Amino acid sequence: MTKQNKPVPTELNYDGETRLLKVSFDDGKSFDLSAEYLRVFSPSAEVQGHSPASAKLQFGKEDVKIEKIEATGNYAVTIFFDDGHDSGIYSWEWLYGLGINQEANWQDYLERLKAAGKSRKSIKVTQL
């Protein structure tokens, strides 16, 4: 771990078939984070807002995929999703928090979706 006792990734490996990003940290913890989970919990202002009250519920992201991941300095990665979202900078701390709190975050997300009458499923649009 770093001097600040903040875990740092030792591995980031995205499997396009399962749509899971495996993140292993130097404290021995490892997490499998789905593309959907990463997308709906993007750290971007577009998703998080500028305060908890202005956060925007993401929905219809069940089939989202990661197109690419780029290093952002030595403290984060930027994840590019196939729905065009690419403004989230995922710091090591953010990724670690997503991993540690995955179960509670996901349950809260599902409850918020239900309360809003929204779905994880994306709407298929076809042109006539």
| query | If we keep just the residues of segment 108-128 that are charged (D, E, K, R) and part of a helix (DSSP H, G or I), which is farthest from Gln48 (Cα to Cα)? | reply | Lys114
| request: Tell me, yes or no, whether segment 22-35 has at least one residue that is modelled with pLDDT under 95 and part of a loop (DSSP other than H, G, I, E, B). | output: no
| note | Apart from one, (1) closer than 21 Å to Asn13 by Cβ; (2) surrounded by 16 or more Cβ atoms within 10 Å (Cβ to Cβ); (3) among the polar types (S, T, N, Q); (4) without any contact (Cβ under 8 Å) to a residue 24 or more places away in the chain all hold for Gln58; the odd one out is (1)
| request: Please enumerate the residues belonging to segment 87-98 that are assigned to a loop (DSSP other than H, G, I, E, B) and over 11 Å from the mean Cα position of the chain (by Cα). | output: Ser87
| message | Go through (1) assigned to a helix (DSSP H, G or I); (2) exposed (fewer than 15 other Cβ atoms within 10 Å of the Cβ); (3) touching a helix residue (DSSP H, G or I) at 6+ places or on another chain (Cβ under 8 Å); (4) not aliphatic (A, V, I, L, M) for Asn105 and report which single condition fails. | response | (2)
| Is it fair to say Asp83 is surrounded by 13 or more Cβ atoms within 10 Å (Cβ to Cβ) and of a type outside the set (A, V, I, L, M)? | yes
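For segment 36-58, enumerate the residues that are closer than 17 Å to Ile69 by Cα and part of a helix (DSSP H, G or I).
Keep residues of segment 36-58 that are closer than 17 Å to Ile69 by Cα, which gives 36-44.
Selection gives Glu36, Tyr37, Leu38, Arg39, Val40.
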| Which number in (1) closer than 21 Å to Glu17 by Cα; (2) touching a strand residue (DSSP E or B) at 6+ places or on another chain (Cβ under 7 Å); (3) in contact (Cβ under 8 Å) with a residue 40 or more places away in the chain; (4) among the β-branched types (Val, Ile, Thr) marks the one condition that Ile89 misses? | (1)
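Restricting to segment 61-80, and then to whatever is of a type in the set (Ser, Thr, Tyr) and in a strand (DSSP E or B), can you tell me which residue is surrounded by the most Cβ atoms within 10 Å (Cβ to Cβ)?
Residues of segment 61-80 of a type in the set (Ser, Thr, Tyr): 72, 75, 78.
From what's left, in a strand (DSSP E or B): 72, 78.
Values: Thr72: 13, Thr78: 15.
By that ranking, first place goes to Thr78.
The values are calculated or read from the model by the stated rules, or taken from the named source; none is laboratory data. Since the structure is predicted, the reported quantities are computational estimates derived from the model, not experimental observations. Neighbour counts are summed over all protein chains in view; Cβ atoms, including those assigned to glycine, are modelled from backbone coordinates with ideal geometry.
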